[in-house]
Amino acid sequence: FCSSFGCFVLWIYEKQHLQSELMSLELRHTKQQQLIQRLMNLNQIDERSLKAGSFYDMGDKQYMDCAQIFKNTQSGFYMIKPLLSPTRMRVYCDMTDGQSSRDAQMAVSHLTDWNDYKIGFGDMKSANGEFWLGNDNLHYMTTQDDYTLRINLKDFEGSRRFAVYRTFKVDNEQNHYQLQFGVYTGSAGDALSGSYHPEVQWWASHQGMTFSTRDRDNDRYDRSCDQEDKSGWWFNRCHSDNLNGFYHRGPYSAVTDDGIVWYPWHGWWYSLKSVQTKIRPASFEPNDV
């Protein structure tokens, strides 16, 4: 038994309590929906990544590069056989952009030996994996036709630049994988030829340089560029770019300029966040395929 006032107070209290529980349930429901959506988004991302990293079996057909299979339109790993190569090789073909077909990706930071760079190493299963295609493979590919090199660069502030070089060629092992390249275009600056400053070009240009590793010193430096700058590369005395350098995070200080460097953009003392290097035939046009 209760008075009218007492029951009214009790009714108001119960109503407020129920409203509070209802709001709490609605909030939990909203959070659950948000969590479900996030999981769905993650699954979609994983599916896209898996698809991009998929291996596509082209059967008995042989292709000399990714340009010849561009009509497949699926980015992923394929087996190709350049004309001079004794065996087929596994490569990643980037076909996400309808305007391009790229034949190789090189973005790795390791201090490895001559033989590792010769045959290639790294993650050849993931679309976002870091790997070195192998200097032998680069030689086989770039000597069968006229190839263009494209280098995509990204810094830790989210800015992006690129550099394109015509007539990119890598010689054979007997000539220490000597590097040759042609005219530069792009937004990152011409680091490979060192043309950004004529006074340093004689020691900073990579034109005509041979490849060096920690166990094969082929640079023009009186010491070892590879030992000092922690990578295998086409060093001179030593570099204007070092795309296999040590993975610092942006501005850094060290005994030597051993970061992932592209001098005309960020100088010697800034290490880039990511580098992606690709090649394709200079004559390739997507509409021709």
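A few remarks follow.
- Lys, Arg +1 and Asp, Glu -1 on Cβ, resulting dipole of region 109-252 about Cα centre, debye, nearest 20: 340 debye
- Cβ-to-Cβ counts within 10 Å put F162, F181 in ascending order as F162, F181, the fewest first.
- Working from Cα pairs under 8 Å separated by at least six residues, relative contact order for region 66-284 is 20 percent.
- In terms of surrounding Cβ atoms within a 10 Å radius of their Cβ, T143, T148 rank from fewest to most as T143, T148.
- The Cα-based radius of gyration of region 231-289, divided by its Kirkwood radius, gives an Rg/Rh of 1.16.
- The listed peptides 199-206, 153-160, 270-277, 235-242, ordered by packing as a protection proxy, come out as 235-242, 270-277, 199-206, 153-160 (highest mean of other Cβ atoms within 10 Å first).
- Kirkwood hydrodynamic radius (C-alpha pairs) into Stokes-Einstein, region 66-284, 37 °C and 0.692 mPa s, D in µm²/s: 189 µm²/s
- A dipole drawn for region 135-257 from +1 and -1 charges on Cβ atoms has a positive end, and of S224, N175, S205 the residue lying farthest that way is S205.
- Rough spin-label spacing in nm, given labels placed 7 Å along Cα→Cβ, for Q227 and Y196: 2.8 nm
- For L179, net neighbour charge (Lys/Arg +1, Asp/Glu -1) across residues whose Cβ lies under 11 Å away: 0
- Phi-based couplings in Hz for region 136-147 (Karplus 6.51, -1.76, 1.60; Gly and Pro marked x): 4, 5, 4, 5, 4, 6, 7, 9, 8, 6, 8, 10
- Listed peptides 116-122, 63-69 by packing density, highest first (mean Cβ within 10 Å): 63-69, 116-122
- DSSP beta bridges confined to region 66-284 are antiparallel in about 95 percent of cases.
- Alpha-carbon centroid distance for the pair region 231-284 / region 138-187, whole angstrom: 13 Å
Values quoted throughout were computed directly from the atomic coordinates according to the rules given, and no laboratory measurement underlies them. What you are looking at is a predicted structure, and each value in this text was computed from that prediction instead of being measured. Glycine also receives a Cβ, built like all others from the backbone with ideal geometry; neighbour counts cover every protein chain displayed.
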